[in-house]
Amino acid sequence: MALYEITNEPLPIDFEGCSTDVQRTLQNVKNLIMCRMGEIPYDRFCGFDPALFDLPPDEFANELLPELDRVLMWEPEAIAVSASYTFNDEGEVIIHLYADINDDT
């Protein structure tokens, strides 16, 4: 297992450039935290719950790791270890997820 930082920054997801299982898992995790709950028609519970963004900052910080842990149920190779958030220049919440990725091949 190795620790990686994954964010929800709006950067392109490179699905074709994943030559290793770790890169594939990192892209899957990024995709999961970029999705919003309800966006996927066949699985309405998959994705991040956008209602958390309406919480006060202290409550958001307390609910962030459990929510990311729930979201990562769809990627069994990743385990949420810790999470934090910052704001970008536009005032958007940037989530910083620190996850253990199973790199045993």
- Message: Let me spell it out: the conditions are (1) in contact with a Phe, Trp or Tyr (Cβ under 6 Å, 6 or more places away or on another chain); (2) assigned to a loop (DSSP other than H, G, I, E, B), and S19 meets all of them except one. Which number is the exception?
- Response: (1)
- Task: Please indicate, with yes or no, whether at least one residue in region 37-55 is touching a residue at least 24 places away in the same chain (Cβ under 8 Å), of a type in the set (A, V, I, L, M) and in a helix (DSSP H, G or I).
- Result: no
- Query: Do we find a residue being β-branched (V, I, T), in contact with an Asp or Glu (Cβ under 8 Å, 6 or more places away or on another chain) and farther than 19 Å from E5 by Cβ anywhere in region 84-105?
  - Reply: yes
- Message: Take the conditions modelled with pLDDT of 90 or more, out of contact with any strand residue (DSSP E or B) (no Cβ under 7 Å at 6 or more places or on another chain) and among the acidic types (D, E) and apply them to E39. Does it pass?
- Response: yes
- Task: Could you please let me know if R70 is surrounded by fewer than 13 Cβ atoms within 10 Å (Cβ to Cβ) and free of Cβ contacts under 8 Å to residues at least 40 places away in the same chain?
- Result: no
- Item | Residues satisfying the stated conditions in region 73-103, i.e. under 18 Å from M34 (Cβ atoms), exposed (fewer than 15 other Cβ atoms within 10 Å of the Cβ) and touching a residue at least 40 places away in the same chain (Cβ under 8 Å) | N88, V93, I94
- Among (1) touching a helix residue (DSSP H, G or I) at 6+ places or on another chain (Cβ under 6 Å); (2) exposed (fewer than 13 other Cβ atoms within 10 Å of the Cβ) - the single one L52 does not satisfy: (2)
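The values are calculated or read from the model by the stated rules, or taken from the named source; none is laboratory data. Since this is a predicted model, take the numbers as computed values, not measurements. Positions of Cβ are backbone-derived with ideal geometry, glycine not excepted, and every protein chain shown enters the neighbour counts.
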